[in-house]
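Accompanying notes for the structure given below.
The values are calculated or read from the model by the stated rules, or taken from the named source; none is laboratory data. As the structure is a prediction and not an experimental result, all values here were calculated from the model. Heads up, the Cβs are rebuilt from the backbone with ideal geometry, glycines too, and the neighbour counts pull from every protein chain shown. Remember, those area values only see protein heavy atoms, side chains included, never the ligands or the DNA or RNA. Shrake-Rupley method; radii C 1.70, N 1.55, O 1.52, S 1.80 Å.
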Amino acid sequence: MGDTIFTKIINGEIPSHKVYEDERVFAFLDIGPLSEGHTLVVPREPVATIDMLSDESAAAIGRVLPRICRAVCEATGASDFNILQNNGAAAHQEVPHVHFHIIPRFPDRPEDGGLGVVWKPGAFDHGAGAALAGRIAALIGG
Ligand code: 5GP
């Protein structure tokens with residue numbers, strides 16, 4: 001895979017407003033914010049989707065994500081936030097380099113509609129669900 005814009009940001013070839021970095025993780029403000037403080041948390045490892053990510057990068061992100069969320073909320077005064085992680089074009093991913101969006105929410109601000117989430121749950125079939133859970137569990141192994 002060629003370098004994505006996020007690899008260029010991580011390497012300093014494109015400027016960004018960095019909020020955090022360590023040997024595996026880089027985080028910076030999103031240039032098209034859905035709300036104040038919209039932050040992207042990116043592994044240095046240049047893979048497109050999270051299923052391709054190494055355990056080491058995944059662990060490194062998991063370790064710092066709560067800390068970055070706390071700082072974003074404290075700095076902006078956000079009461080709540082979404083973490084959004086898109087994988088593939090059908091899932092609205094535009095940059096093919098794994099990234100987590102931290103999107104602060106401000107219920108008292110009119111512009112808080114930057115992230116619209118449509119959530120339409122379907123009916124649950126317990127027979128099919130049991131079979132599917134078994135297949136997934138077998139594939140995860142461990
Ligand atoms: P996706 O749709 O792939 O989940 O989100 C990609 C995000 O990257 C978008 O929210 C977009 O605003 C952000 N983005 C794209 N190019 C740049 C850039 O050059 N700098 C920064 N800071 N963010 C970018």
query = In percent, how large is the relative contact order of segment 5-110, given Cα pairs closer than 8 Å and 6 or more residues apart?
reply = 28 percent
task = Take the solvent-accessible surface of the protein heavy atoms, probe 1.4 Å, and return the percent of it on segment 27-109 that carbon and sulfur atoms account for.
result = 57 percent
inquiry  = Just to confirm, what accessible area per residue do you get for segment 64-142 at 1.4 Å probe, in whole Å²?
reply    = 69 Å²
note = Two pseudo-spin positions, 7 Å from Cα along C-beta at residue 51 and at residue 82, lie apart in nanometres by 2.3 nm
inquiry  = Given a 1.4 angstrom probe, what's the average accessible area per residue across segment 10-49, in square angstrom?
reply    = 53 Å²
